[in-house]
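The values are calculated or read from the model by the stated rules, or taken from the named source; none is laboratory data. A quick note: this is a predicted structure, and the numbers were derived from the prediction, not measured. Neighbour counts are summed over all protein chains in view; Cβ atoms, including those assigned to glycine, are modelled from backbone coordinates with ideal geometry.
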């Protein structure tokens, strides 16, 4: 579960301070959001990476761009 979804779940549970109020409509909206499955982001295609590399990479020494990008995707749980 993402940090954002964990926070929303905690908001619905509440706390013991007694000074927190949440409107019923907002409560229901959060409840509906949490009931939905969390979608998994897919990795970018090689074509999209090529397009990004052509646009942003100007130094030929950046040959490790694709490997670094794929490592970053894995680190963020994208495509697992």
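Worth a mention:
- Residues (loosely packed, with under 13 Cβ neighbours inside 10 Å and within 30 Å of residue 11 (Cα to Cα)) located in segment 34-52: 35, 36, 37, 38, 39, 40, 41, 42
- Scanning segment 39-52 for residues that are modelled with pLDDT of 85 or more and more than 15 Å from residue 72 (Cα to Cα) yields 47, 48, 51.
- Pick from segment 53-71, criterion modelled with pLDDT under 85 and under 20 Å from the mean Cα position of the chain (by Cα), ranking: surrounded by the fewest Cβ atoms within 10 Å (Cβ to Cβ): 68
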